[in-house]
Ligand SMILES: [Zn+2]
């Protein structure tokens, strides 16, 4: 009987534990301790170093190594739980280093085109924004923006083509139909050229709304 109970407990633990999406070791967390520790090393010392006009950026980490691997697993290997770690880390950094702003801000994730979201099953930026808001206490406007047009894969285009490709890519979502008196903090997983975020900002600006900046889990630029 005792042996059976032990076996049963062992079996139960096996079900409660899952594998770390980055190294496949068993863990009861979203990521194993080792990978979480490795990821913490990607944290930038000064997340505010790019917080300046025209589009201030608050970035948690440098895109590369295990952070690049984590983002790829989150997006392409059906591992949305990684967004929880990234959003929480971004939120903790924001609580420590939040830039000063006078207005009340709300958080809006950069939307995916509906077709893409349907394929993936989730929008990783929205999941990051959700954890970010749970950590910071900021208000989330999941549907502040919509994607109105499918854009070509950005990496295949030059800088000027990228900007053109993104023109009119966004529309005002149902959360902002009544144009609230708030400023927006955009959230995305990666900040690369800034073309996507800039286009989202222009859409909100044209609707009379202010954008304070963008918070991203990773940046590819040198800082
Ligand atoms: Zn791991």
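Just so you know, all these numbers are worked out from the coordinates, no wet-lab data involved. Note that this is a predicted model, so its numbers are computed, not measured. No Cβ is skipped: glycine too gets one built from the backbone with ideal geometry, and neighbour counts run over all protein chains shown.
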How would 84, 177 line up from fewest to most surrounding beta-carbon atoms within 10 angstrom? 177, 84
Using the eigenvalues of the Cα gyration tensor, what equivalent ellipsoid semi-axes result for the range 19-219 when each is taken as the square root of five times the eigenvalue, whole Å, largest first? 26, 20, 16
Contour excess over end-to-end distance, with Cα ends at residue 174 and residue 117 and 0.36 nm allotted per residue: 18.8 nm
The range 19-62 shape via C-alpha gyration tensor axes, a/c threshold 1.5: prolate
Extension gain from residue 102 to residue 24, taking 0.36 nm per residue of separation minus the Cα-Cα distance: 23.6 nm
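Most exposed first by the Cβ proxy, i.e. fewest other Cβ within 10 Å, how do 68, 118 rank? Show your work: numbers first, answer last.
Details: 68 16, 118 9.
Neighbour counts put them in this order, fewest first: 118, 68.
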Proxy reagent accessibility, fewest Cβ within 10 Å first, across 28, 18, 131, 217: 28, 18, 131, 217
Specify the inter-centroid distance of the range 189-223 and the range 67-139, based on alpha-carbon positions, in whole Å. 13 Å
